[in-house]
Amino acid sequence: MLASKLTKIIRACNVLLITLLGGAAAVSAYEVFRGPTELIYHDPAKASPGYTMFSPFRGQNTYLIDMSGNVVHYWPYPQGWSAEGAESVEKHARLLRDGTLVRGTVNRAGRGGMSGAIYQFIDWDGKVLWEHDEERPGYTPHHDFRVIWNPKLEARTLLYVASKEMTHEEAIARGVDPAKRDNYASRPDGVVEVDMQ
């Protein structure tokens, strides 16, 4: 009980520090909960030159670091997200050629016990340019996503993998043989394409 209250107080202080001090405080807040961020080992002969972008698992920020482990830039969690950490970046993040960050987020509070997902396009300054909230009942996005050019629409679209609940009756209606199994209820995967216009 005391540990839970202490954790909430520390998180609230970290949110205040992030607001007041910016990026340096965000990294310090990350270190409080996850450990040091400094570079532990670097062999320039074996490393690919450039930058590394990552979103710590169940974290709320995305970081861009240089070869020495210095934080070059970070994208904070969007305004409106709770400081309690119900939302987190769990579906990778990608930096597009135009400098736009694309990331998939999860709301662990979920809808009906399942996690919801929000896909966001964020500019260099952290402004959300576009987002898609997968809120259809029964759909659970997971793992990966891609932004592609759809020549038929002549526009970019978002693709992601999602599972969808299927009842035994729906499976039979789609052609399975009921004589071979008592229950065909499942969560098959599919690819969802979202028109971004």
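What follows is calculated from the coordinates using simple rules that are stated; it is not laboratory data. Since we're looking at a predicted model, the values are computed, not measured. Cβ: placed from backbone, ideal geometry, glycine included. Neighbour counts: every protein chain shown.
Taking θ as phi - 60° and the Karplus parameters 6.51, -1.76 and 1.60, the scalar couplings of segment 185-197 work out to 4, 7, 10, x, 8, x, 9, 9, 10, 10, 6, 8, 8 Hz in sequence order, x denoting glycine and proline.
Distance between the pseudo-spin-label points of LEU153 and HIS168 (7 Å out from Cα toward the beta carbon): 3.8 nm. Using the Cβ of MET166 as centre and a radius below 10 Å, the other residues enclosed give a net charge of 0, where K and R count +1 and D and E count -1. As a calculated quantity, the FRET efficiency between HIS143 and SER68 at R0 = 45 Å, using C-beta atoms, amounts to about 0.90.
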